[in-house]
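Note sheet for the following structure.
Read-outs throughout are calculated quantities, based only on the coordinates presented, and are distinct from any laboratory measurement. All figures in this text were calculated on a predicted structure; none of them were measured in a lab. All Cβ positions, even for glycine, are placed from backbone atoms using ideal geometry, and neighbour counts span all protein chains on display.
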Amino acid sequence: MAGTIQLEVVTPEKLVVSEEATIVMAPGAEGEFGVLPGHTPFLTALTLGTLRYRDTAGTERCVFVNGGFAEALPDKVTVLAQSAERRCDIDINRAKAALERAKKRLEHSEDKAASTPDMDFERAKAALARAQTRISLAETRRNVSMQ
């Protein structure tokens, strides 16, 4: 089906993307899903991952999303994410520093007695996953631009 859909990616702090797209693919709670113009409406939870879309020029664009929700309508996809960052905006040094902090927090949590539940352990695991996803997405950009 020819045409475009409006894509909006929003966080509590800002509007990350507002652009026409020909297809949107996102990390849904039940697996990755794709939306084309004219799609049947639905609402779904998102997981940590990469939202990909093709702009009207045919270029694939990527956005890091950290959970949230997506609403698909026949002519619009709205993503309300806990946090989101376009691939071109990811600061890889900041992401690597976050990765190291998360690793240290995990090592510290593992040193504690196993009988002591530690909420910081779960937060550190989540921070590690976010940092790894951001680094992977940013390094993809570097590899593509080097070709």
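DSSP beta bridges fully contained in the chain are about 90 percent antiparallel.
Counting charges near Thr78 (Lys, Arg +1; Asp, Glu -1) among other residues having Cβ under 13 Å from its Cβ returns a value of -3. Within the shell defined by Cβ-Cβ distances under 14 Å, the residues around Gly49 carry a net charge of +1, with Lys and Arg each +1 and Asp and Glu each -1.
Could you give log10 I(q)/I(0) at q = 0.14, 0.18, 0.19 Å⁻¹ for the stretch 5-87, computed by the Debye formula over C-alpha point scatterers of equal weight, without solvent? Per q value, in the given order, log10 I(q)/I(0) is -0.37, -0.62, -0.70.
Measuring against 25 Å, Cα to Cα, the residue pairs Lys76/Lys96; Lys14/Lys103; Lys14/Lys76 contain Lys76/Lys96; Lys14/Lys103 as the ones spanning a longer distance.
Dividing the helix sum by the residues of the chain, where each DSSP H run of 4 or more adds -39500 (n - 2.57), gives a mean residue ellipticity at 222 nm of -11500 deg cm²/dmol. To the nearest 10 degrees, how steep is helix 92-111 against the longest Cα principal axis of the chain, on a 0 to 90 scale? Taking the Cα atoms of the chain, the angle to 92-111 is about 40 degrees. The ranking of Lys76, Lys104, Lys14, Lys125 from fewest to most other beta carbons within 10 Å of each one's beta carbon is Lys14, Lys104, Lys125, Lys76. Site pair Asp75 and Asn93 shows an inter-label distance of 4.6 nm when each label is modelled 7 Å from Cα along Cα→Cβ.
The chain: Rg/Rh from Cα coordinates, Kirkwood Rh?
1.05
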